Structure formats: C-alpha cells, structure tokens
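Here is the structure we will look at, set down as structure tokens.
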Amino acid sequence: MSSAKQTGKTVAKVIAYILVVLVLAGVIGVIVRFTGGFTSSFKTFYVSVDGKDVLTSAGGYEVTNEKPLNVDVKYTFGSAGGGVSGYTVKVVPHVVDGKDFDFSLDGQIYSFQAETNLTPGFDIEYGENSFTLTPKGTVTDVLQAVYPNNEISGCEGKGYTDMYSLIVTSYNGESSVTLYFSVIEEVAGVELDQEVIVF
C-alpha cells in the first residue's frame, strides 16, 4: 500500500513539474512575442494589418481608393478587462535619403519630406478598435487637400515606394507604431499607337 502511495506522489510531482515548465514556456513565449524577440521593450500597444501584428513598424503596404488600408488597434492587456482603448492617427512623409522631391505651392518651391502633417489628404473612417485609411488621390490631390486654398503643381510623376508614414499612437501618447505605405495611382486608360502594332 505504501508503494502505491509513493508511486502516486511521484506521478503527482512529475505532473506538477510538467505544468510549471508549460507555464514558464507560455510566459517566455508571450514575452518573446511582445518584445519582438527580445529586441525592444515589452509592447502593450500594437496594430494588426491583414492579420499580421506590427509591434514597432512595417512597410510595403499599397493603398488605393478601391483597396484602403485597414488597421486594427490592439492593447496587450485591453482584452484582460483593463478597459484600455483609444488612439490617434497621423500621416507624414516617410523621410528617406535621396528620395525627396520638390513641389510648387503658389509658385514657391517646397520640399515634400519637409511637410509635417499630410493627414488631411486622406479619408479616415474611425472605429472603436480599428480604422480605414483611404487616399484622396495622387500626391497632388493629397497636397491639395492639405492646402485647399493654394495652387499645387510640380508633383506629376513624382514619388517613391513607401513615401507615406502612418503613425498610430496609443491613448496616453506613450507608445506608437509606424506603417509605411505607397498610394498606387490607377491607370486612367491605355492608348495604342497603330503604327507599332505588329501581327
């Protein structure tokens, strides 16, 4: 009988050790996920785009009127009954060396990357935990929306990949995530030159 008790105690200890190891592995997994693999401090605020979580920054997004950028705003502890919510959104130029270009504002030359707020150039539909960003058009249209009472010119055909930075900031202003994106200009039509068509 004492041998059976001893075996039962041993099994209970093994199960307890396994549970402790599983809990530790789970905690380490959470820490790894929300520190970007121990490359940054623990993130309590992040966003999700196309089902992929972004803790600090990401790029390569292409946005059009037909395909807006949909962003889910998340708090690590918000779902645990913390009631944490709220965020702010701002669009600015993505400053990249060698990619800046000039445009004309009422005949005066200005630098695109020197702009401090391009948010009026985009339609943003806000939800409680998500938002949708849609461009008002080309870079000229975006700048025209920023400066509605001025004449914008010199932007035609100018731009670069990920030329916009979308900064999403937490409710308390302590954390932010940056998404770099491009506005894809839609083709208005196709013209064919009959002299070069060969059958």
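The values are calculated or read from the model by the stated rules, or taken from the named source; none is laboratory data. On a predicted model such as this, the values are computed, not experimentally measured, just so you know. Backbone-built Cβ (ideal geometry, glycine too); neighbour counts: all protein chains shown.
Go through (1) in contact (Cβ under 8 Å) with a residue 24 or more places away in the chain; (2) small (Gly, Ala, Ser); (3) within 16 Å of Lys158 (Cβ to Cβ) for Ser130 and report which single condition fails.
Among (1) in contact (Cβ under 8 Å) with a residue 24 or more places away in the chain; (2) small (Gly, Ala, Ser); (3) within 16 Å of Lys158 (Cβ to Cβ), Ser130 violates only (3).
How many residues are within 22 Å of Ile109 (Cα to Cα) and in a loop (DSSP other than H, G, I, E, B) when one looks only at segment 150-162?
9
Would you mind stating whether Tyr46 is at pLDDT below 70, of a type in the set (Phe, Trp, Tyr) and either farther than 29 Å from Thr134 by Cα or not in a loop (DSSP other than H, G, I, E, B) (or both)?
No.
Is it the case that Val177 is in the same structural domain as Gly59 (by TED's automatic domain parsing), closer than 21 Å to Gly59 by Cβ and modelled with pLDDT of 95 or more?
yes
Conditions: (1) within 23 Å of Ser57 (Cβ to Cβ); (2) assigned to a loop (DSSP other than H, G, I, E, B). Val91 meets all but one. Number of the miss?
Exception for Val91: condition (2).
Can you tell me which residue in segment 102-144 is surrounded by the most Cβ atoms within 10 Å (Cβ to Cβ), limited to those that are among the aromatic types (Phe, Trp, Tyr) and closer than 22 Å to Thr161 by Cβ?
Phe122
If I ask for residues that are assigned to a loop (DSSP other than H, G, I, E, B) and either more than 30 Å from Ser48 (Cβ to Cβ) or of a type in the set (Ser, Thr, Tyr) (or both), which ones from segment 105-149 would you list?
Asp106, Gly107, Thr116, Thr138, Tyr147, Pro148, Asn149
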